[in-house]
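The block underneath contains the structure these notes are about, expressed in structure tokens.
The values are calculated or read from the model by the stated rules, or taken from the named source; none is laboratory data. Keep in mind that what you see is a predicted model, and the values were worked out from it rather than measured. Glycine gets a Cβ as well: all are built from the backbone with ideal geometry, and neighbour counts include every protein chain shown.
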Amino acid sequence: MPGYSSPTSLGLIAVGLLAFYVVLLWAIRLLDLAFFDAIEHHAVPAWVSSTERAVLSISSLPRLGGGVMFLVWVHRAASNLRALGRTGMTMTPGWCVASFFVPVASLFVPYKAVAEIATCSDPRESGVAPASVLGWWLLFIGGNVLWLVRLAAMKDAELGARITLDGVATLMSTGAVALLFVVVRSVSAGQEEWARRRVGVG
């Protein structure tokens, strides 16, 4: 079908990379817990410190790669809706992606973009975005806010409080990736169903 290309592979690659990023975060959290006493008394074994630094360095790659692939998926999914003859999108594919980088607007416009994509991709035509979209966005924003609070306001806080906040933020990131998988799978499956219907009609 002209202008349509299945978004499934892009979405799965994005989620896979982000899931790997989360696994690396949990590896760091586990190291923090395993060597809590040593960290508190500034007696961390050299191999632990070097391992954490290495994991942190490596984690930036799947995070960046997953983020880029997700934005490519968003653009592809939004573009597909036009090719499929679906109506209801108020945002262009380009704006769906660009909204993630606009100050203030990036707090709510990307959610609107993905919600519209999910709604227009739904073969049941329920007219309502699935709850997984809102859940993903709230966990994504909440996790990032916690990371910023941790970095900006808790540098001198007790080690236990810092590790706890890190753990909560990582848990929220885990939930966000899990729900993103649900969103990607739902949108991709919905668009493939619309494509089959269009081919059948043609």
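Looking at (1) farther than 29 Å from I28 by Cα; (2) hydrophobic (A, V, I, L, M, F, W, C); (3) out of contact with any His (no Cβ under 6 Å at 6 or more places or on another chain), which is the only condition V149 fails?
Condition (1) is where V149 drops out.
Within region 40-54, restricting attention to residues that are surrounded by 15 or more Cβ atoms within 10 Å (Cβ to Cβ) and of a type outside the set (D, E, K, R), which residue is modelled with the highest pLDDT?
Residue satisfying both the conditions and the ranking: V48.
Which residue, of A77, A131, A83, is surrounded by 13 or more Cβ atoms within 10 Å (Cβ to Cβ) and under 18 Å from F181 (Cα atoms)?
A77
All but one of (1) more than 25 Å from S188 (Cβ to Cβ); (2) touching a residue at least 24 places away in the same chain (Cβ under 8 Å); (3) not hydrophobic (A, V, I, L, M, F, W, C) hold for T164; state the number of the condition that does not hold.
Checking T164 against (1) more than 25 Å from S188 (Cβ to Cβ); (2) touching a residue at least 24 places away in the same chain (Cβ under 8 Å); (3) not hydrophobic (A, V, I, L, M, F, W, C), the one that fails is (2).
Of the residues that make up region 115-128, is at least one in contact with a Phe, Trp or Tyr (Cβ under 8 Å, 6 or more places away or on another chain), of a type in the set (G, A, S) and either in a helix (DSSP H, G or I) or closer than 19 Å to M172 by Cα (or both)?
yes
Given the options V149, V199, name the one that is closer than 26 Å to T8 by Cβ, of a type in the set (A, V, I, L, M) and modelled with pLDDT under 95.
Being closer than 26 Å to T8 by Cβ, of a type in the set (A, V, I, L, M) and modelled with pLDDT under 95 holds for just one of V149, V199, which is V199.
If you go through region 133-140 one residue at a time, do you hit one that is touching a Lys or Arg at 6+ places or on another chain (Cβ under 9 Å) and in contact (Cβ under 8 Å) with a residue 40 or more places away in the chain?
Among the residues of region 133-140, not one is touching a Lys or Arg at 6+ places or on another chain (Cβ under 9 Å) and in contact (Cβ under 8 Å) with a residue 40 or more places away in the chain, which makes the answer no.
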